[in-house]
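The values are calculated or read from the model by the stated rules, or taken from the named source; none is laboratory data. Source: prediction; values computed, not measured. Every residue, glycine among them, receives a Cβ derived from its backbone with ideal geometry; neighbour counts consider all protein chains shown.
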Amino acid sequence: MSQQINAVERIAGQVRNVLRSGFHLGPDVLSFIESTYAISPRHVCHHFFDVLKTMEEPDDIVEFIVYPDERVQMLFEPVFESIGVMLPEKNDVLASLVASPVCASIFLPEKNEPIMIDISKPVLERFIRRLNMGRAIHPALQDAFDFYDPSEKRYRTAVKLRNSRFAYTDNRIEVLVQFLNRFPADDPSFFDALDFMLEFFTEIKDESDIMDALITKKKILNHHIQKAEAMEDCLSKTNVETFLLSGNRVCGIHVPSAQNHIAMIRSILYHVFKLFHSIVEDDTVMTVETYDKH
């Protein structure tokens, strides 16, 4: 029990520290306020508290400012790592925090000193929920990236795993362990590839063979790229109305993005599954000589 209480207090203390360390009122928040409330950024910066008083839901703006993005979440990983797999319940952390006032430092543009604002219980609750403490990292995955150096790389990996939405299954755990062990952690594309894998897991069935699913996705992307290129060629010879009246469908794929995903799949197949380029390319091209209507 004492260990659990200590864990709660440590996480609550880190929440206070992070909020006090300061958040910047950035252009995204200022743009949101201007478009939603028709209040100019300059007025917001010079009359911040007055602006909050005029809003029906000021918590929405405060929550936007202190949103715990990936960079902020990484600040909690050293604490989570030292506590272990079983993190305390978020409601226990919230109860500890609301026992006394919680403040955040907000840095306004062109101001040297931050302003201090009180953080309400609803904002605190949503802040804690977004830390995803309840999403325990599977021990096999933790072991696979424990050796990452510098520590920031380890913390960033942990945050991405906590933020993932796929269900843990034996085959996914096995492939992710292989990914974390085999894909070079110092490769500039490492985190992009990890993001791709975690998102890909949400697209496929739990029992899918992951290597086969990746190859199939690559085939489909190749097919769509060819259709897009054929469409562009067709449009260069006719206008859009004639193109559509002929029964053709517009291919909405973003070719550069699809090409990037194909390169990502090739890299994953090579590093994780040890499939070489020449093997991966076999039977992946679906020839499209003209733009079909499907």
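Key figures
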{"item": "L108 vs. criteria in the same structural domain as V66 (by TED's automatic domain parsing), closer than 19 Å to V79 by Cβ and in contact (Cβ under 8 Å) with a residue 40 or more places away in the chain", "result": "no"}
{"item": "Scope the range 226-251; condition loosely packed, with under 11 Cβ neighbours inside 10 Å and part of a helix (DSSP H, G or I); matching residues", "result": "V240, E241, L245"}
{"item": "Out of F32, F49, sole residue that is surrounded by fewer than 17 Cβ atoms within 10 Å (Cβ to Cβ) and in contact (Cβ under 8 Å) with a residue 60 or more places away in the chain", "result": "F49"}
{"item": "Wholly within the range 144-205, helices (runs of 4 or more DSSP H) carrying at least 1 residues that are of a type in the set (K, R), touching a helix residue (DSSP H, G or I) at 6+ places or on another chain (Cβ under 9 Å) and crowded, with 17+ Cβ neighbours inside 10 Å", "result": "151-163, 170-182"}
{"item": "Residue within the range 77-95 that is touching a strand residue (DSSP E or B) at 6+ places or on another chain (Cβ under 9 Å) and either crowded, with 17+ Cβ neighbours inside 10 Å or on the phi > 0 side of the Ramachandran plot (or both) present", "result": "no"}
{"item": "Residue check for A136: closer than 21 Å to V85 by Cα, at pLDDT 95 or above and either of a type in the set (G, A, S) or in the same structural domain as P184 (by TED's automatic domain parsing) (or both)", "result": "no"}
{"item": "Answer residue from the range 104-142, given it is assigned to a loop (DSSP other than H, G, I, E, B) and aliphatic (A, V, I, L, M) and is nearest to F179 (Cα to Cα) among those", "result": "I137"}
{"item": "Any hit, the range 166-180, residues being modelled with pLDDT of 95 or more and closer than 27 Å to H24 by Cα", "result": "no"}
{"item": "Out of L124, L108, sole residue that is closer than 30 Å to V51 by Cα, of a type in the set (A, V, I, L, M, F, W, C), surrounded by 13 or more Cβ atoms within 10 Å (Cβ to Cβ) and at pLDDT below 95", "result": "L108"}
